[in-house]
1. Excluding ligands, DNA and RNA, what is the solvent-accessible area per residue of region 48-97 at a probe of 1.4 Å, expressed in Å²?
2. If the cut-off is 26 Å between C-alpha atoms, which lysines fall inside it for residue 68, apart from same-chain ones fewer than 8 positions away?
Amino acid sequence: MITGYKPIASLTAAVFGLMVFSPASALEIAQAQQTQPTQGQADSKGTGAAISEQKIEAFAVAYLQVDKVRQEYSAKIEATSDAAAKKQLETEGSKKMVDAVKASPAISVEEYSAILTAAQSDPTVAKKVQAELQKTAPAQR
């Protein structure tokens, strides 16, 4: 059980960290990083080729489900003034985001987290994800 904690915790942190952003703005931030090279970017070259189109598609579907949860809980958190209630809603929202990824049969929590991280650090992956989100989003509505 402990072995599954780290990927779920990192996914929760990554996803919850994006709660204030829409899917498009999160990817815009990732794309903006290409103009500010970081030490990690040199290591991530070629990552885009390693991620299959099927995994990008599965990520986009899961991401849109996670974003629905994010929007729902962001509104609840903003409407709540009690700090303890906000913390409880954050925890509940994080769990539901992880559950949304787990509900997707085509991608694991670890794969989702890896693609999210790659999209934030590799402009090639960010472009692929953004293109897939634009194709998938109208079908989800």
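The values are calculated or read from the model by the stated rules, or taken from the named source; none is laboratory data. Nothing here was measured: the structure is a model prediction, and the numbers come from that model. Only protein heavy atoms, including side chains, enter the accessible area calculation; ligands, DNA and RNA are left aside. Shrake-Rupley method; radii C 1.70, N 1.55, O 1.52, S 1.80 Å.
1. Values: 2780 Å² over 50 residues.
On a per-residue basis, 56 Å².
2. List returned: 6, 55, 76, 86, 87, 95, 96, 102, 127, 128, 135.
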